[in-house]
Amino acid sequence: MSRSLLRRPTEHAAIRAACRSPRRLPPVPDLLVALLDVDACGDREGVILCAHCAVRAAEPEAGES
């Protein structure tokens, strides 16, 4: 059973708008919960978006010891 790609007609507009001004990302735990939710729904594009956001949000913490 193949799953079709979920269309997001406003995704490109939202990305352009987000690029215009800096926005704070949600906390990493919240992003990981969202990642689990979209994975459970089978939304591959949502998984990719959440995973990239989680990495960007965690980036300043990377290397801290």
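Just one of the numbered conditions (1) small (Gly, Ala, Ser); (2) modelled with pLDDT of 90 or more; (3) open to solvent by 40 Å² or more (accessible area, probe 1.4 Å) is not true of Ala34; which one?
Checking Ala34 against (1) small (Gly, Ala, Ser); (2) modelled with pLDDT of 90 or more; (3) open to solvent by 40 Å² or more (accessible area, probe 1.4 Å), the one that fails is (3).
Looking at (1) open to solvent by 90 Å² or more (accessible area, probe 1.4 Å); (2) of a type outside the set (Gly, Ala, Ser); (3) modelled with pLDDT of 80 or more, can you tell me which one Cys50 breaks?
Evaluating Cys50 over (1) open to solvent by 90 Å² or more (accessible area, probe 1.4 Å); (2) of a type outside the set (Gly, Ala, Ser); (3) modelled with pLDDT of 80 or more leaves (1) as the failure.
Of all the residues that make up the range 22-47, how many are among the aliphatic types (A, V, I, L, M) and either in a loop (DSSP other than H, G, I, E, B) or without any contact (Cβ under 8 Å) to a residue 12 or more places away in the chain (or both)?
Filtering the range 22-47 for residues among the aliphatic types (A, V, I, L, M) gives 25, 28, 31-36, 38, 40, 47.
Going one step further and asking which of them are either in a loop (DSSP other than H, G, I, E, B) or without any contact (Cβ under 8 Å) to a residue 12 or more places away in the chain (or both), we end up with 25, 33, 36, 40.
Summing the residues that are among the aliphatic types (A, V, I, L, M) and either in a loop (DSSP other than H, G, I, E, B) or without any contact (Cβ under 8 Å) to a residue 12 or more places away in the chain (or both) in the range 22-47 gives 4.
The values are calculated or read from the model by the stated rules, or taken from the named source; none is laboratory data. Every value quoted in this text rests on a predicted model; they were computed, and no experiment measured them. Glycine gets a Cβ as well: all are built from the backbone with ideal geometry, and neighbour counts include every protein chain shown. Calculation scope for accessible area: heavy atoms of the full protein, side chains included, ligands and nucleic acids excluded. Shrake-Rupley method; radii C 1.70, N 1.55, O 1.52, S 1.80 Å.
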